[in-house]
Every structure is written in C-alpha cells, then in structure tokens.
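Below is one structure, written out as structure tokens; the observations come after it.
Nothing in this text is a laboratory measurement; each read-out follows from the coordinates by a stated rule. Remember, predicted model here, so these are calculated numbers, not experimental data. Quick reminder, even Gly has a Cβ in these numbers, built from the backbone with ideal geometry, and neighbours come from all protein chains shown.
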Amino acid sequence: MKKNTPDKIKKLQKKNQENQRKYTKKREAEEKKAGRLIHQLVSKIDAEPNDYHHYYDLATLLVEGKDYEQAEELLMKALGIFDRASKDVKDTLRFGLGNVYYAAQEYDKAIKIFQEIDDQKLQSEAYMMLAQSYMAKGDNKRAMVFALSAQSTRRKDPAVNQMIGDNLLALGNFSQAAEFYDLVLKVEPQNGKANFNRGLVAMVNGEDFEAYFKKAKQYDSAYFDKGQKKLKDIEKFVQLNGSKKANHDHRQND
C-alpha cells in the first residue's frame, strides 16, 4: 500500500496540472475572443458615434469581463453625448449603467439609477432589477413591492413569479410562496431552483416534498448541494414547531 501512495500522488498531480493547462488555455481563448469583440465595438463607435446601441453593447461586454470601472465611464460618457436624445435612448443607457452597478455589487447606486427609469418598454425590467438589488441587500419587503410591480404586466413570467416566491419564502409566508412556485413549475417543470424551494415550502406545510427535491437534484445539482444548509434550517424549524405544537396540545388536554 505504502509503495503505491507516491504513484497515486504523482498521478493526481499530473491530472491537476493537465486540468490547469486546459483551464488556462480555455481562459486565454475566451479573453482573445472578448478582446476581438471589444475591438469591433470600439471600431463601430468610431464609425457611428451617434448610435447609442454600440455604447450599450460595449458596456455589456465590459461587464462580462468584470471591467466595471471602464463600463461605468463609457456609459456616463454616452449619457453626456445623448443628453438631448429621446427618453427611451437615455433610459436604455441608464438601464445599462444600473446593470454595471448591480454587477459590481454597488446596490445603492444601482437602485438610484433604476428608480430614474420610467420608459414603458423598460419599466418592468427596471422593477425586476430593483427587486433583485433589494434582495441582494437582504431587504425582502422592499424587494417584494418591486417584484409585484413587475408582475402586474408579466403575470405568467416564471422569472418574476420565482422572485416573488423567493421573497415570500425569505419572509416566512410559506403558503403564499407555494402558490408562486407552482406557477413557475407549471411553465418550467425542470427548474431546479424552483423545485428545491418548493420542496422546502412543502416540508413546512406538511406536504410530500421528496419528489421536489429529487427533481431539484436532477435538474440543478449545484443549487441542490448549495441549498443543504437551507434544508437543515427548515428541518430544524419544522421539528421546533412540531414540538411546540405537541406541547401546546398536551397543555390543552391537561
């Protein structure tokens, strides 16, 4: 056994080195591709400086590369250039800027920008981003207000209904959360996250929950693994409430 151990370690090291090389090669290829796309968009801006789409697209690409400072600078510059443009043009650029701040986890700045958007075409998207920003700050009550505002025009949208379900779950409104997760699963039965959270709600509500967790593991194993702490917390909650109820019933019988 002892003689084989160094060989096993060598094999493992070799495998790790190969994986690292593959990862580096892939990352370099992605960086080159992104570099080419950035160059193309910069050329488009130079050729057509009055087309606001190019600024928005370039900022989106910079955000994907986590270059938030440059993306912010670009959109601030664009807002200056298009200062006298129509409301929808300025709101599109503002929406892009809000996304920059959201991606950079500067949620207060993101909220301020998204609240300035009132173009009808972007309104529900802005409400969604406001809800997500407040969720990221842990303010589920405010998030709920904006999620419901988004839902007023997108009643069957699974992304909106899932967000409402998540907020209700965080606020402890389990029965209502179940209704919204059911709406999501009606449209997206293979949604792993919605299945997992619906399973949590089912546990609390005393329903059968195994089928939900089985689907969650099947369709989104990463989220299922990540949610194990949440699952344990809910199990404790159910046990605690069960023992409280038993004590209460016992006292009433006495």
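Quick notes on this one:
- Each peptide among 101-110, 40-49 gets the average number of other Cβ atoms lying within 10 Å of its residues, and from highest to lowest they stand as 101-110, 40-49.
- Taking Cβ atoms as reference points and 14 Å as the exclusive limit, the residues near residue 131 contribute a net charge of 0, counting Lys and Arg as +1 and Asp and Glu as -1.
- For the residue pairs 44/109; 87/112; 121/156; 193/226; 112/137; 186/214, the C-alpha atoms sit more than 20 angstrom apart in 44/109.
- Coupling constants for the stretch 65-81 follow from the phi torsions by the Karplus curve (6.51 cos²θ - 1.76 cosθ + 1.60, θ = phi - 60°), and in residue order they are x, 6, 9, 5, 4, 5, 5, 4, 4, 4, 6, 5, 5, 4, 5, x, 5 Hz; glycine and proline get x.
- log₁₀ of I(q)/I(0) at q = 0.17, 0.21, 0.22, 0.24 Å⁻¹ - the stretch 70-136, Debye sum with one point per alpha carbon: -0.53, -0.79, -0.86, -0.99
- Value of [θ]222 nm, deg cm²/dmol, for the chain, DSSP H segments ≥ 4, -39500 (n - 2.57) each, nearest 500: -27500 deg cm²/dmol
- Folded to 0 to 90 degrees: helix 158-171 orientation relative to the chain principal axis, Cα: 50
- Largest to smallest principal axis extent of the C-alpha atoms in the stretch 155-245, angstrom: 38, 26, 19
- The orientation-averaged projected area of the convex hull spanned by the Cα atoms of the stretch 26-144 comes to 7.9 nm².
- Cα long-axis angle, helix 140-151 against the chain (0 to 90 degrees, to the nearest 10): 70
- Rounded to the nearest angstrom and listed largest first, the equivalent-ellipsoid semi-axes of the chain from its Cα gyration tensor are 41, 33, 15.
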